[in-house]
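Below: the structure, in structure tokens.
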Amino acid sequence: MDELFMTPITQLKYQRGVGLTEATQTEQENPVSSFGDVFRSMVNEAAEAERNFDKQKYLLATGQIENAQTVMIAGSYAQLTIDMVMNLRNKALEAYQELMRLNV
């Protein structure tokens with residue numbers, strides 16, 4: 001009879017380099033962060049990805065890198081993180097503008 005019940009939805013958290021994982025019980029009880037914290041961490045991650053891409057380009061130009069594919073991967077990752085930050089910013093602006101249009 002227990003198999004007829006649905007399992008509860010658990011909160012997911014983002015871990016850099018790992019992706020989405022299930023949050024632990026203590027993390028589910030305590031909300032992790034505000035929008036500002038999430039946005040700040042995304043901006044920091046985009047800046048770090050850009051620095052890594054610059055380092056990879058330097059290593060390629062000086063012949064110190066063995067796999068040229070890592071440069072392209074780092075460039076794609078940097079572009080994706082910047083695109084994600086821009087989309088997050090655009091959605092936040094759209095939400096703010098929508099709130100300002102509301103008649104209270």
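The values are calculated or read from the model by the stated rules, or taken from the named source; none is laboratory data. Nothing here was measured: the structure is a model prediction, and the numbers come from that model. Glycine also receives a Cβ, built like all others from the backbone with ideal geometry; neighbour counts cover every protein chain displayed.
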Worksheet item: Has the range 88-102 got any residue that is exposed (fewer than 12 other Cβ atoms within 10 Å of the Cβ), at pLDDT 90 or above and of a type in the set (Phe, Trp, Tyr)?
Response: yes
Worksheet entry | Any pair with Cβ under 9 angstrom, 6 or more apart, that starts in the range 74-94 at a residue that is under 14 Å from MET42 (Cα atoms) and in contact (Cβ under 8 Å) with a residue 24 or more places away in the chain and ends at one that is surrounded by 12 or more Cβ atoms within 10 Å (Cβ to Cβ) and β-branched (Val, Ile, Thr) | VAL85/VAL43; LEU88/VAL38
Worksheet item: Can you find even one residue in the range 37-44 that is in contact with a helix residue (DSSP H, G or I) (Cβ under 9 Å, 6 or more places away or on another chain), modelled with pLDDT under 90, in a helix (DSSP H, G or I) and among the aliphatic types (A, V, I, L, M)?
Response: yes
Discussion item. Looking only at the range 34-71, filter to residues that are among the hydroxyl-bearing types (Ser, Thr, Tyr) and surrounded by 12 or more Cβ atoms within 10 Å (Cβ to Cβ); which one of those is farthest from MET86 (Cα to Cα)?
Written reply: TYR58
